[in-house]
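Engineer: This structure is in structure tokens; I'll ask about it shortly.
The values are calculated or read from the model by the stated rules, or taken from the named source; none is laboratory data. Source: prediction; values computed, not measured. Glycine gets a Cβ as well: all are built from the backbone with ideal geometry, and neighbour counts include every protein chain shown.
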């Protein structure tokens, strides 16, 4: 049975992507060795499915529709640059999300609904962020660089739809293809 890599996400508006890319350009010179996310690949991930049977797409689509009806559109604020596991040892560099109680509630409803239809819950807690780049090795001075951007605001994200993307790995990076969409409200 064929399977695919997929993720459930909130797409980003063009203006927020533009601001994130501008930030990445500033950080590139200061943090060599980071693989920066391409503009078309930027999104807010809610759930990742590393090995999803293709026949599960319909089931996930139904969950997206039912959860979408339960939640009205809302905004979150995109503020501050940080890193996982820490700014001193960054592997993932990200933009933070604040004012996110409605987002946490949406995530919780999605997670519980997916679990009810056979997708086990996540092992780690949900930490909403927008990935900017990834590093495989040490980044000397990263903490100092990232702290300069820690308090800056980058705009708002209107959360009004959910998209299930298929992620096809290519030599040039992952290609994200929308497979299912559900509006909130």
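Residue-by-condition table, conditions (1) within 19 Å of residue 9 (Cβ to Cβ); (2) surrounded by fewer than 17 Cβ atoms within 10 Å (Cβ to Cβ); (3) at pLDDT 95 or above; (4) more than 19 Å from the chain's Cα centre (by Cα):
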site	(1), (2), (3), (4)
115	yes, yes, yes, yes
132	yes, no, yes, no
138	no, yes, no, yes
150	no, yes, no, no
154	yes, no, no, no
162	yes, no, yes, no
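Engineer: Now for a different question. Return the only residue of 83, 88, 29 being crowded, with 19+ Cβ neighbours inside 10 Å and either at pLDDT 95 or above or over 18 Å from the mean Cα position of the chain (by Cα) (or both).
Structural biologist: Working: 88 fails: crowded, with 19+ Cβ neighbours inside 10 Å; 29 fails: crowded, with 19+ Cβ neighbours inside 10 Å.
Result of the check over 83, 88, 29: 83.
Engineer: Test of understanding: among 146, 157, 110, 114, which residue is in contact (Cβ under 8 Å) with a residue 12 or more places away in the chain, touching a strand residue (DSSP E or B) at 6+ places or on another chain (Cβ under 8 Å), in a helix (DSSP H, G or I) and within 21 Å of residue 21 (Cβ to Cβ)? Outline the logic, then answer.
Structural biologist: Numbers: 157 fails: in a helix (DSSP H, G or I); 110 fails: within 21 Å of residue 21 (Cβ to Cβ); 114 fails: within 21 Å of residue 21 (Cβ to Cβ).
Only one candidate qualifies: 146.
Engineer: Could you list all residues from region 66-78 that are surrounded by fewer than 18 Cβ atoms within 10 Å (Cβ to Cβ) and either in contact with a strand residue (DSSP E or B) (Cβ under 6 Å, 6 or more places away or on another chain) or closer than 18 Å to residue 98 by Cβ (or both)?
Structural biologist: Hits for region 66-78 are 73, 75, 77.
Engineer: So is residue 133 farther than 20 Å from residue 61 by Cα, part of a strand (DSSP E or B) and touching a helix residue (DSSP H, G or I) at 6+ places or on another chain (Cβ under 6 Å) or not? Before you say what the answer is, go through the steps one by one.
Structural biologist: Numbers: farther than 20 Å from residue 61 by Cα: yes; part of a strand (DSSP E or B): yes; touching a helix residue (DSSP H, G or I) at 6+ places or on another chain (Cβ under 6 Å): no.
No: the conditions fail for residue 133.
Engineer: List the number of the failed condition for residue 105; all other conditions in (1) surrounded by fewer than 18 Cβ atoms within 10 Å (Cβ to Cβ); (2) without any contact (Cβ under 8 Å) to a residue 40 or more places away in the chain; (3) closer than 23 Å to residue 15 by Cβ hold.
Structural biologist: Only one criterion in (1) surrounded by fewer than 18 Cβ atoms within 10 Å (Cβ to Cβ); (2) without any contact (Cβ under 8 Å) to a residue 40 or more places away in the chain; (3) closer than 23 Å to residue 15 by Cβ is unmet by residue 105, namely (3).
Engineer: Checking residue 45 against (1) at pLDDT 95 or above; (2) surrounded by 16 or more Cβ atoms within 10 Å (Cβ to Cβ); (3) within 30 Å of residue 171 (Cα to Cα): exactly one of these is not met. Which one?
Structural biologist: It fails just one condition, (2).
Engineer: Moving to a separate point now. Could you go through region 170-181 and let me know if any residue there is surrounded by fewer than 17 Cβ atoms within 10 Å (Cβ to Cβ), farther than 16 Å from residue 7 by Cα and modelled with pLDDT of 95 or more.
Structural biologist: no
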